[in-house]
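The structure appears right after this line, and notes come after that.
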């Protein structure tokens, strides 16, 4: 049995500390130590993207990162998307365009899309499809998800103008 | 699913990492991106007693061209290669392959060198590295060791990398004038292994092929070097359709695909023929500056 270690991470802008075993996966630390259950566990085999969070701004599958590897780094989860003035453009887009059916993939989808729009504020449909190709929606609601991303891109542009 | 318990070591220098690996006495594993190793540990296909995480070592994320070589450090992620303008412009085969390794999320973590060291027989990078004649620079307790990408992989998940060695950098010869390359992969869906994939590199003098290299992914036990197919092209024109067809035929002949969910053997063999031809055309156009 390996001894527990302290992991200090900035999660959604706040410094958090957790005692975890080295084998603890980031998703478990987020859900079970930090009690942020918006990040879902889907396949648990690095296939589905339901557990996507941003690690230092990049979308990663948190079921395939060790919690200790987030030590000293910044993590953004779905709970961190909403700003003081309301839903983020991506969240609003998913709501307005009904970019979800059952909602299970939604937190991961929104994290991937948030990172996409940071890097590419005006993605084409093809670029959106490629960007979300690591996030599975088993309701196959991709058409509305793509609409939601376009909505968010327009909303961001409006906010920036 | 959790991996078995292990001791976690996060060295801040290569020396420390080499020492930790030696101390692990065969039961320690190096982790860079962890995108292959962690899933194997979760499925208990691997249960190393010690994990040595390279992510805290500065200087391993080098991606630059220096002294006639492209240097790809142990912490260069697939997505770094995918997004690099230098790579897209000068090493199009790497750019092509990077777009098809796993999925975009995995590409943000997984690394080029880690993938080679992992030694998955169906890995895309083994073909790319061999086709470009990469040198694989490792360090161990006795200092630096250089392996050739061409015969680096010895069998399934087995490479020439010693148990006490760490692969720290891949070095790829910078392209000659009029060199072109391409990687074409057919996959059923994002993140799947290739049904078949082909990597090619050609050097032209005018339109005459003076050098050629062809590698085949996932149509045999390991990456296959289609040496006869490549040799058949020397002295031929890149515009000679019959020569490209013949190279495709020879590549298909040397492939050893097996029938599985990705298709029957005959289909995969024909994929190799067609992809070889197409990849040669693309590489030729790139060598002549006809395609970015």
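With the requirement that a residue be under 23 Å from the mean Cα position of the chain (by Cα) and surrounded by fewer than 16 Cβ atoms within 10 Å (Cβ to Cβ), what does the stretch B:229-254 give you?
Once the filter is applied, which keeps residues that are under 23 Å from the mean Cα position of the chain (by Cα) and surrounded by fewer than 16 Cβ atoms within 10 Å (Cβ to Cβ), the stretch B:229-254 yields B:231, B:253.
With respect to residue B:97, determine if the residue is farther than 15 Å from residue B:169 by Cα, buried (at least 23 other Cβ atoms within 10 Å of the Cβ), modelled with pLDDT of 95 or more and more than 12 Å from chain A (Cβ to nearest Cβ).
The answer is yes for residue B:97.
On the basis of being within 14 Å of chain A (Cβ to nearest Cβ), in a loop (DSSP other than H, G, I, E, B), farther than 20 Å from residue A:45 by Cα and at pLDDT 95 or above, does residue B:5 make the cut?
no
Looking at (1) within 12 Å of another protein chain (Cβ to nearest Cβ); (2) surrounded by 15 or more Cβ atoms within 10 Å (Cβ to Cβ); (3) assigned to a loop (DSSP other than H, G, I, E, B), can you tell me which one residue B:80 breaks?
All conditions pass for residue B:80, except number (3).
Conditions first: (1) surrounded by fewer than 23 Cβ atoms within 10 Å (Cβ to Cβ); (2) under 22 Å from the mean Cα position of the chain (by Cα); (3) touching a residue at least 24 places away in the same chain (Cβ under 8 Å). Residue B:74 passes all but one, so which condition is the exception?
Failing condition for residue B:74: (1).
What's the number of the condition residue A:117 fails, among (1) within 30 Å of residue B:53 (Cβ to Cβ); (2) assigned by TED's automatic domain parsing to the domain that holds residue A:153?
The one condition residue A:117 does not meet is (1).
Which residues, taken from the stretch B:269-292, are modelled with pLDDT of 95 or more, over 18 Å from residue B:232 (Cβ atoms) and out of contact with any helix residue (DSSP H, G or I) (no Cβ under 9 Å at 6 or more places or on another chain)?
Within the stretch B:269-292, B:285, B:288 meet the criteria.
Hey, among B:105, B:132, B:167, which residue is within 30 Å of residue A:61 (Cβ to Cβ) and within 14 Å of chain A (Cβ to nearest Cβ)?
B:105
Which residues, taken from the stretch A:59-91, are surrounded by fewer than 18 Cβ atoms within 10 Å (Cβ to Cβ) and not in a loop (DSSP other than H, G, I, E, B)?
Listed by number, the residues that qualify are A:74, A:79, A:83, A:86.
Is the stretch B:208-228 home to any residue that is touching a helix residue (DSSP H, G or I) at 6+ places or on another chain (Cβ under 7 Å), over 21 Å from residue B:134 (Cα atoms) and surrounded by 22 or more Cβ atoms within 10 Å (Cβ to Cβ)?
Yes, that holds for at least one residue.
If only one of B:146, B:101 is free of Cβ contacts under 8 Å to residues at least 40 places away in the same chain, under 24 Å from residue A:136 (Cα atoms) and not in a helix (DSSP H, G or I), which one is it?
Within the list B:146, B:101, the selection yields B:101.
Among the candidates B:137, B:118, single out the residue that is at pLDDT 95 or above and touching a strand residue (DSSP E or B) at 6+ places or on another chain (Cβ under 6 Å).
B:137
Restricting attention to the stretch B:8-46, which residues are within 13 Å of chain A (Cβ to nearest Cβ), farther than 15 Å from residue A:22 by Cβ and assigned to a helix (DSSP H, G or I)?
Within the stretch B:8-46, B:39, B:40 qualify.
Check whether at least one residue in the stretch B:105-112 is out of contact with any helix residue (DSSP H, G or I) (no Cβ under 6 Å at 6 or more places or on another chain), crowded, with 24+ Cβ neighbours inside 10 Å and farther than 28 Å from residue B:15 by Cβ, and report yes or no.
Yes, the stretch B:105-112 contains a residue that is out of contact with any helix residue (DSSP H, G or I) (no Cβ under 6 Å at 6 or more places or on another chain), crowded, with 24+ Cβ neighbours inside 10 Å and farther than 28 Å from residue B:15 by Cβ.
The values are calculated or read from the model by the stated rules, or taken from the named source; none is laboratory data. Because the structure is predicted, anything quoted here is derived from the model rather than measured. Neighbour counts are summed over all protein chains in view; Cβ atoms, including those assigned to glycine, are modelled from backbone coordinates with ideal geometry.
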